[in-house]
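For reference, the structure discussed in these notes is given below.
The values are calculated or read from the model by the stated rules, or taken from the named source; none is laboratory data. Quick caveat, the model's predicted, so the values are computed rather than measured. Using ideal geometry, Cβ is built from the backbone for each residue, glycine included, and neighbour counts are taken over all protein chains shown.
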Amino acid sequence: MRTAEQIAEETDGLGRPGRPVNRRSPFFIGMTAAAGVAVTAGAIELLLKVGSILTLIGMALFIAIGLDPIVSWLTQRRVPRWLAVVITLLGGLAIAGAFLALAIPRITAEATALVHQLPRYATEVQNHNSELGQLNAQFHLEPRLAKLLSSHGTDLVGGVLSVGEMVISTVSSILLVAVLSVYFLGGLPRIKAFAYRLAPASRRPRTILLADEIFRRVGGYVLGNALTSVIIGVGTAIWMLAWGIPYPFLLAMFVALIDLIPIIGSYIGGAAVVLTALTVSLPVAIATLVFMIIYKLAEDYLIVPRVMGRTVKVPATVTLVAVLLGGALLGIVGALVAIPVAAAARLLLEEITFRRLDNS
């Protein structure tokens with residue numbers, strides 16, 4: 001106490017500050033390293049927990065950037081941005097509404113026909129002179145089905161509930177992405193302006209130019225992908241009408257929509273068309289299979305390289321590798337955004353890394 005009072009009298013206050021902490025001491029280095037590890041572990045755990053939400057947000061931002069060229073084209077013609085967003089949204093809803101208008105009556109009619117045919121199928125199963133009855137008698141289908149339902153009924157109910165949960169989750173995610181896309185599309189200029197301010201003032205003009213070029217390529221990819229989907233949809237409709245395959249417009253629109261998914265989309269759509277062609281005849285199905293294979297080859301080696309080469313400026317080999325890696329990492333979402341990400345990486349390599357290496 002006396003020492004403290006003496007120091008207070010000499011310094012007329014609370015004393016002089018002591019020596020600063022030695023930042024090179026083992027204790028300080030250890031505490032800093034432990035704090036860094038704790039912060040990094042916490043950040044990784046946080047990213048893992050909100051990874052699905054961040055994926056949806058990124059998907060919505062990707063869609064907004066892809067639709068921005070349409071909105072910008074309208075705004076350049078003195079259309080207010082909010083009205084341009086509404087027009088773009090209504091166009092997308094019109095396409096979805098047309099697909100549902102074609103799909104729902106067809107699906108309802110097919111389901112109704114199946115319900116009406118169930119009694120006949122049940123009668124044929126018991127009739128040993130029919131094909132179904134002969135198959136039932138030979139392979140004992142009815143007893144095996146009854147045994148399966150009795151022994152694994154709980155598993156089947158659980159599977160149905162899991163499918164229902166997956167459908168609800170998928171619909172919720174689609175609605176969330178749609179709403180976020182509209183908000184991002186409306187406020188994209190402000191979002192870009194905020195992001196540009198994060199760059200230093202001395203490098204901000206070049207950052208803006210590079211980012212605008214990346215946004216332009218992303219928009220070009222979305223529009224180019226839509227163009228290739230329209231081409232395959234129109235070609236499928238013409239082929240199905242020429243050969244009398246049922247539901248030409250419905251399946252053509254389905255093929256066009258599923259073709260938006262790189263690589264696997266066209267195969268899924270082609271399989272649906274070929275299976276439908278089997279209802280006409282086997283030769284028609286074989287001819288349809290040949291047509292889909294020829295178109296797939298033409299799309300991969302003629303249409304996509306020309307369209308994507310002009311809009312995204314990514315070589316075909318890089319496109320294929322990027323889609324495979326993106327699909328392996330993030331599934332369908334990764335496959336969708338793989339080509340724009342590859343285009344952005346190629347642009348940054350050419351404009352930054354390669355220039356520095358050439359001048360070094």
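Quick one: in the stretch 178-191, of everything that is of a type outside the set (A, V, I, L, M) and crowded, with 16+ Cβ neighbours inside 10 Å, which residue is farthest from I53 (Cα to Cα)?
Looking at the filtered set, the residue picked out is G186.
Answer with yes or no whether G92 is within 30 Å of L251 (Cα to Cα) and within 19 Å of the chain's Cα centre (by Cα).
Yes.
So I261 ticks every box in (1) assigned to a helix (DSSP H, G or I); (2) surrounded by 15 or more Cβ atoms within 10 Å (Cβ to Cβ) but one. Which box is left unticked?
(1)
Within the stretch 222-243, does at least one residue satisfy the condition of being in the same structural domain as S281 (by TED's automatic domain parsing), more than 30 Å from S281 (Cα to Cα), among the aliphatic types (A, V, I, L, M) and touching a Gly at 6+ places or on another chain (Cβ under 8 Å)?
Scanning the stretch 222-243, I find at least one residue that is in the same structural domain as S281 (by TED's automatic domain parsing), more than 30 Å from S281 (Cα to Cα), among the aliphatic types (A, V, I, L, M) and touching a Gly at 6+ places or on another chain (Cβ under 8 Å), so the answer is yes.
List, please: which pairs have Cβ atoms under 7 Å, are six or more places apart or on different chains, and start with a residue in the stretch 195-208 that is under 16 Å from A344 (Cα atoms) and end with one that is among the hydroxyl-bearing types (S, T, Y) and part of a helix (DSSP H, G or I)?
T207/Y196; I208/Y196
Quick check on R23: is it at negative phi, of a type in the set (K, R) and at pLDDT 75 or above?
No: the conditions fail for R23.
Of the residues I231, I245, only one is of a type outside the set (D, E) and surrounded by 21 or more Cβ atoms within 10 Å (Cβ to Cβ); which?
That would be I245, the only listed residue that is of a type outside the set (D, E) and surrounded by 21 or more Cβ atoms within 10 Å (Cβ to Cβ).
Every residue in the stretch 264-288 that is over 27 Å from the mean Cα position of the chain (by Cα), in a helix (DSSP H, G or I) and free of Cβ contacts under 8 Å to residues at least 24 places away in the same chain, please.
Selection gives L282, P283, A285, I286.
Is there a residue being more than 29 Å from the chain's Cα centre (by Cα) and either at pLDDT below 70 or assigned by TED's automatic domain parsing to the domain that holds L257 (or both) anywhere in the stretch 77-86?
Checked against the condition, which is being more than 29 Å from the chain's Cα centre (by Cα) and either at pLDDT below 70 or assigned by TED's automatic domain parsing to the domain that holds L257 (or both), the stretch 77-86 yields no hits at all.
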